[in-house]
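Peer 1: One structure, as C-alpha cells, below. Some questions next.
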Amino acid sequence: MSPMSSSPSSPSDEILDIVDEHDRVVGRAPRGEAYARGLRHRCVFVLARDAEDRIFVHRRTPTKLVFPSLYDMFVGGVVGAGENYDDAALREAEEELGVSGLPRPVPVFKFLYEGGADGRQTWWSAVYEVRCTLPVRPQVEEVAWHDFLPEAEVERRLDTWEWVPDGLDAYRRLRAHRAG
C-alpha cells in the first residue's frame with residue numbers, strides 16, 4: 001500500500017516502515033509513535049539547487065512535529081510504509097518545493113543518523129540532489145521562510161543559524177563525500 005493511498009488525519013498518524021540496523025523492514029508504526037519510542041525508520045534528504053546553482057534553504061514552521069522553526073538546506077521527510085527511497089525523494093521534493101514535474105532526484109549516499117540528546121533519534125537517511133528550474137511555491141504548513149542562497153552564503157550561516165541537526169549532519173557528510 002502506498003503512503004499516499006490513505007490520508008492520515010495528521011502527520012503523526014502517517015504509517016512508517018520500522019527498520020533494523022541493516023535497513024531491513026521489521027515492522028510498521030505511526031510516525032508519532034516512531035518518534036516517541038525512538039523507532040528506527042527511513043528519511044530522505046534532497047539538496048535542491050536552482051539554475052544558478054544556489055541551494056534552496058528554508059525555515060520550518062513552528063508547527064512541525066520534529067525540529068520546529070529551525071533552518072534546513074534540504075527538502076525531504078519520512079519514507080512512508082511500502083514506499084522506496086527514490087519515490088519518497090521525488091514526492092517530498094515536489095511537495096515541499098510546491099512544484100510538479102521535477103526531475104527525479106539523483107541518489108548520492110545513505111547513512112544511519114543517530115542523534116538527539118538521548119541518542120533515540122535514529123533513522124536511515126538517503127541523500128539526494130536535484131536541479132529545480134521551476135518557480136517554487138513551498139507549502140505554507142511546512143515552510144515559514146525560503147530562498148535560494150549561494151553555497152558560500154550557506155557555509156557562512158552554518159555557525160550562526162539554528163539548523164535541523166539531521167540536515168546539518170547530512171550536509172557535512174555531503175561536503176566530505178564531494179571532497180572524496
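Peer 1: Looking at segment 159-176 only, could you name the residues that are more than 21 Å from Thr122 (Cα to Cα) and touching a residue at least 12 places away in the same chain (Cβ under 8 Å)?
Peer 2: Answer for segment 159-176, where residues must be more than 21 Å from Thr122 (Cα to Cα) and touching a residue at least 12 places away in the same chain (Cβ under 8 Å): just Trp161.
Peer 1: Does segment 84-114 hold any residues that are charged (D, E, K, R) and at pLDDT below 95, and which are they?
Peer 2: Passing the criteria: Glu95, Glu96, Glu114.
Peer 1: So how many residues does segment 63-88 have that are closer than 14 Å to Glu129 by Cα and free of Cβ contacts under 8 Å to residues at least 12 places away in the same chain?
Peer 2: Result for segment 63-88: 1.
Peer 1: Here is a list: Arg49, Arg60, Arg31. Which entry is within 24 Å of Leu174 (Cα to Cα), touching a residue at least 12 places away in the same chain (Cβ under 8 Å) and out of contact with any Lys or Arg (no Cβ under 9 Å at 6 or more places or on another chain)? I'd like the intermediate steps shown before the answer.
Peer 2: Details: Arg49 fails: out of contact with any Lys or Arg (no Cβ under 9 Å at 6 or more places or on another chain); Arg31 fails: within 24 Å of Leu174 (Cα to Cα).
None of the other options fit; the residue is Arg60.
Peer 1: Still on this model: Say whether the condition of being open to solvent by 10 Å² or more (accessible area, probe 1.4 Å), at pLDDT below 95 and touching an Asp or Glu at 6+ places or on another chain (Cβ under 8 Å) is met by at least one residue in segment 73-83.
Peer 2: Yes, segment 73-83 contains a residue that is open to solvent by 10 Å² or more (accessible area, probe 1.4 Å), at pLDDT below 95 and touching an Asp or Glu at 6+ places or on another chain (Cβ under 8 Å).
Peer 1: Shifting gears a bit: Of the numbered conditions (1) touching a strand residue (DSSP E or B) at 6+ places or on another chain (Cβ under 7 Å); (2) touching a residue at least 40 places away in the same chain (Cβ under 8 Å), Glu141 fails exactly one; give the number of that condition.
Peer 2: For Glu141, the exception is condition (1).
Peer 1: Right, Glu141: under 17 Å from the mean Cα position of the chain (by Cα), within 24 Å of Ala81 (Cα to Cα) and exposed (fewer than 15 other Cβ atoms within 10 Å of the Cβ) or not?
Peer 2: Considered against the rule, which asks whether it is under 17 Å from the mean Cα position of the chain (by Cα), within 24 Å of Ala81 (Cα to Cα) and exposed (fewer than 15 other Cβ atoms within 10 Å of the Cβ), Glu141 comes out as yes.
Peer 1: Further, regarding this structure: I'd like the full set of residues that are in contact with a strand residue (DSSP E or B) (Cβ under 9 Å, 6 or more places away or on another chain) and either buried (at least 22 other Cβ atoms within 10 Å of the Cβ) or assigned to a loop (DSSP other than H, G, I, E, B) (or both), limited to segment 85-103.
Peer 2: Once the filter is applied, which keeps residues that are in contact with a strand residue (DSSP E or B) (Cβ under 9 Å, 6 or more places away or on another chain) and either buried (at least 22 other Cβ atoms within 10 Å of the Cβ) or assigned to a loop (DSSP other than H, G, I, E, B) (or both), segment 85-103 yields Ala88, Ala89, Glu92, Ala93, Glu96, Leu97, Gly98, Leu102, Pro103.
The values are calculated or read from the model by the stated rules, or taken from the named source; none is laboratory data. Here the structure is a predicted model, which is why all the values come from computation and not from measurement. Here Cβ is always computed from backbone atoms with ideal geometry, including for glycine, and neighbour counts include all displayed protein chains. Just so you know, the surface numbers come from the protein's heavy atoms only, side chains and all, with ligands and any DNA or RNA stripped out. Shrake-Rupley method; radii C 1.70, N 1.55, O 1.52, S 1.80 Å.
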